[in-house]
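The values are calculated or read from the model by the stated rules, or taken from the named source; none is laboratory data. All figures in this text were calculated on a predicted structure; none of them were measured in a lab. Neighbour counts run over all protein chains shown; Cβ positions are idealised from the backbone, glycine included. Ligands, DNA and RNA are stripped out before the accessible areas are found, and what is left, the full protein with its side chains, is counted by its heavy atoms. Shrake-Rupley method; radii C 1.70, N 1.55, O 1.52, S 1.80 Å.
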Amino acid sequence: MTRTAKVSRKTSETDIEIEMNIDGSGKYEIDTGVNFFNHMLESFSKHSFIDLKIKAIGDIEIDDHHTVEDVGILLGEAFAEAIGDKKGIRRMGHAIVPMDDSVATVAIDISGRSYCNMKLDFKCDKIGDLSSDVVVHFFESFASSGKINVYGTCEGSNDHHKCEALFKAFAKSLYDACKIEHDEILSTKGVL
């Protein structure tokens, strides 16, 4: 079984191409035009072992909102395609990741339903060149199009560390939930 996807999306605001291999080794080629977002997606790829190629051109001269949100939408679509019928997956995963002064907790369920509940408390408007308020939109977009439930929190005094711990915790929880452990669909309905 190959758990890969190649997707693209072009709007008047963004032009994005993504390739994903869930069973990869954490290799990445990422260029979104938003440097700190690139760094977060690279951390996500490395810690989830998901190979990612992302090329995004967006209207970042206005702001980073459309690019970050649309990358989230398309990553979720790629994930939903790559995960397939979900037969044999662990389905749920969680992680607690510390980073220096900060800690993040993420729990996910590859349920076939979409829900996102993130309690993020960033102190600054920007983390590098990334608007801190779009971080939650990224996760909402991924959860919606990826048809997963995701819950997350982060605490600490440094926004960079909090955000990076959050992306790493998301990566680790997704890695665990995607593991194939049996040949069943883990649902009393028989479908996820």
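For this structure, a couple of remarks:
- When only the Cβ of Lys, Arg, Asp and Glu is charged (+1, +1, -1, -1), the dipole of the chain relative to its Cα centre reaches about 920 debye.
- Counting only lysines at least 8 places from Lys162 when in the same chain, those with an alpha carbon closer than 19 Å to its own are Lys46, Lys119, Lys123, Lys126, Lys172.
- Amide hydrogen neighbours beyond the local backbone of Ser131, cut-off 5 Å, H modeled: Asp64
- Fraction of antiparallel bridges per DSSP, region 60-158 only, in percent to nearest 5: 75 percent
- Stokes-Einstein translational diffusion, region 23-129 - Kirkwood Rh over all Cα pairs, 1.306 mPa s, 10 °C, in µm²/s: 101 µm²/s
- Every Cα-Cα pair in the chain was counted, and those over 24 Å apart are 33% of them.
- Size of electric dipole in region 14-114: Cβ of Lys, Arg +1 and of Asp, Glu -1, about Cα centre, debye, nearest 20: 800 debye
- Each Cα pair under 8 Å and six or more residues apart adds its sequence gap; the mean of these over the residue count of the chain is a relative contact order of 26 percent.
- For region 179-192, 3J(HN,Hα) computed residue by residue from phi via the Karplus equation (6.51, -1.76, 1.60; θ = phi - 60°) reads 4, 8, 10, 7, 10, 10, 9, 7, 7, 5, 7, x, 8, 10 Hz, glycine and proline entered as x.
- Extreme residue, positive dipole direction of the chain, given options Ile18, Leu186, Ala169 (C-beta unit charges): Leu186
- For region 90-157, convex hull of alpha carbons as volume per residue, Å³: 82 Å³
- For Leu186, the solvent-accessible surface computed with a 1.4 Å probe is close to 70 Å², ligands and nucleic acids excluded.
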